[in-house]
1. Just to check I understand the Karplus step: with θ = phi - 60° and J = 6.51 cos²θ - 1.76 cosθ + 1.60, what whole-Hz values come out for the range 37-45, glycine and proline as x?
2. Hey, which lysines would be in cross-link range of residue 107, C-alpha to C-alpha under 23 Å, not counting anything within fewer than 8 residues on its own chain?
3. Using amide H atoms built in the peptide plane, which far-off residues or other-chain residues are under 5 Å from residue 58 H to H?
4. Leaving out ligands, DNA and RNA, and with a 1.4 Å probe, what % of the accessible surface on the range 90-169 is carbon or sulfur?
5. Can you tell me how much longer the chain between residue 131 and residue 54 gets when fully stretched, taken as 0.36 nm per residue apart minus their C-alpha distance, in nm with one decimal?
Amino acid sequence: VRPDSILFRQRWGRPEQLVPAASRFGQDGRALRLHIGCGTKHLKDWFNVDGVQTPATDGVLDLYQLQGVPSGCASWIYWSHGPEHIHPDKLPGVLRDLRRILVAGGKLTVATIDLRGIWENRFLSPKNGSAWNAALYGETDSHHHPFLAHRQAFTQDTLLVLMARCEFRNVRRWALAEYPEINDLNDYARSCALVTCYGEGIA
């Protein structure tokens, strides 16, 4: 086993941990609302997943291993500050898999780091704090969770173009005020709004 594969499993869990979460998707015949990369933030009446078990998760899910997740099992996917952790060559495949598991007409709502916002509101001005390097690179000093590092950055335009290329329809910038339950969650999409870009598309 390659050393980087061992480190990956330390961050994202073991294969046997993935089965209970995936097997619950759509088991009652209803499309669920899926909160990906929840960390410590639990959305009520959503299925909350992350790469590691936390008090907020309903299951562990590996975004590089979505083949076992049934197609059309989700009506809405919310993914905040996660795309930046995915390698650039892998992200289009992940997005297409997320589109596959959405019902026709279901939506993917994404928030991720904004390169322009980091430059303007952390580097040139500390409006959102001064740790521009942490916003850009993630937790690069973590020996226990090396995959918390950021692999790429976006602008508002590049995020929307990527979603459109992955065949999402009606791609647009969304606003926190549209979704009170997400706004009330107070995750990075809200607390780091000045360094975040927002994208939404329909499957």
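The values are calculated or read from the model by the stated rules, or taken from the named source; none is laboratory data. This one's a predicted model, so the numbers in the text were calculated from it and none came from an experiment. Ligands, DNA and RNA are stripped out before the accessible areas are found, and what is left, the full protein with its side chains, is counted by its heavy atoms. Shrake-Rupley method; radii C 1.70, N 1.55, O 1.52, S 1.80 Å.
1. Values per residue, Gly and Pro as x: x, 5, x, 9, 9, 9, 8, 5, 6 Hz.
2. 41, 44, 90
3. Distant-sequence amide H within range of residue 58: 48, 49.
4. The value for the range 90-169 is 54 percent carbon and sulfur by accessible area.
5. So the extension gain works out to 25.2 nm.
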